[in-house]
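Below is one structure, written out as structure tokens, with a few remarks after it.
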Amino acid sequence: MTKAADDEHVARQRYDPAADHAFPDGRVNEMLERIESDPEITTYLEAQNVNAVDRKGYNDHGTKHVEIVRDRALRLYDLLKAGAVEFNGARQQGLEEADEPVILALAATLHDIGHVVHRDHHSYYSIPLAADVLDRLLPEFYDVAEQVRVKAEVLHAILCHHTEEEPLTREAGVIRIADGLDMERGRSRVPYEKGGRGINTVSSQAIESVILHPDEELPVQVEIRMNNAAGVYQVDSLLKAKVEGSMLEDLVRIVAINTKENGEGSLVERIEL
């Protein structure tokens, strides 16, 4: 991918508060501004990498990972809303449509803070830590009843992002999928051997780009471009598993495109999962 194409790809996948969206964005834009200036949240995002990276040998689960997950969660949500998909989390709590992206932004930001306790079972440790942050943050935006309901939906989405727990809302499904979309070169969600040639190593280096865009038949297509067919291992073992049971499996198509050079030029293989 050329630098110009790479820059365009990054811009298309990054959430832009000033852009037009298929949902009311004023409330989430205000929340995002507050989140990004919060010193406790900023410190959590830095500290949660210590257990994951320094002690367990996983790749980044800190600030960069959270930015990617949050951007892709909001991008995925935008495409689904443009496709007239209805969400049930906020609605069933008696909240407004404008609260749906707020729930997504908060859950994406706080989903991994349990890593400060331990990498293993971190989703469960994230719950009390995120609850404390939400108890401090939400009163700036909501009355007491709304605080409880937004908090409930955020915690549900956090719990379901990386466990066997079943997502009961499409908001939670978005977070579950978005977490798996951070899989471009070197950013595998599973540990890989530095300098090694195991399947985790090869496959984690094979993913060139992940692009979300409308599908011809479904609201969302996740297009994954690879330079090696081994990248299918990442897609099949991680992302496909996250889409299944997300309440969004019938709305999202995963397409892996393998582009590689052979003796006669470029060979393109398209694999739909």
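The values are calculated or read from the model by the stated rules, or taken from the named source; none is laboratory data. Please read all numbers here as calculations on a predicted model, not as lab measurements. Ideal geometry is used to build each Cβ from the backbone, glycine not excepted, and the neighbour counts take in all protein chains shown. Just the protein is used for accessible areas: all its heavy atoms, side chains included, with ligands, DNA and RNA removed. Shrake-Rupley method; radii C 1.70, N 1.55, O 1.52, S 1.80 Å.
Structure above, values below:
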| item | result |
| --- | --- |
| Answer from L137, L110, L129 - the residue that is over 25 Å from G57 (Cβ atoms) and open to solvent by less than 50 Å² (accessible area, probe 1.4 Å) | L137 |
| Hits in segment 153-165 (condition: open to solvent by 10 Å² or more (accessible area, probe 1.4 Å) and modelled with pLDDT of 95 or more) | E153, L155, H156, L159 |
| Residue in segment 94-112 that is within 22 Å of A22 (Cβ to Cβ), assigned to a helix (DSSP H, G or I) and free of Cβ contacts under 8 Å to residues at least 40 places away in the same chain present | no |
| Helices (runs of 4 or more DSSP H) enclosed by segment 13-82 - at least 2 residues per element that are under 15 Å from the mean Cα position of the chain (by Cα) and farther than 20 Å from E97 by Cα | 63-82 |
| Close pairs (7 angstrom Cβ cut-off, 6 or more residues apart or separate chains): touching a residue at least 40 places away in the same chain (Cβ under 8 Å) and farther than 24 Å from V116 by Cα in segment 128-154, outside any helix (DSSP H, G or I) and small (G, A, S) anywhere | R149/G94 |
| Filter result (farther than 17 Å from H162 by Cα, of a type in the set (A, V, I, L, M) and touching a helix residue (DSSP H, G or I) at 6+ places or on another chain (Cβ under 7 Å)) within segment 68-84 | L74, L76 |
| Residues of segment 118-165 that turn out to be β-branched (V, I, T) and over 26 Å from A241 (Cβ atoms), as a count | 4 |
| Residue pairs meeting the criteria (Cβ under 7 Å; at least 6 apart or on separate chains; first under 10 Å from E153 (Cβ atoms), in segment 80-93; second open to solvent by 40 Å² or more (accessible area, probe 1.4 Å) and of a type outside the set (D, E, K, R)) | Q93/A152 |
| Scan of segment 173-207 for residues that are farther than 22 Å from H122 by Cβ, outside any loop (DSSP other than H, G, I, E, B) and modelled with pLDDT under 70, ordered by number | I199, T201 |
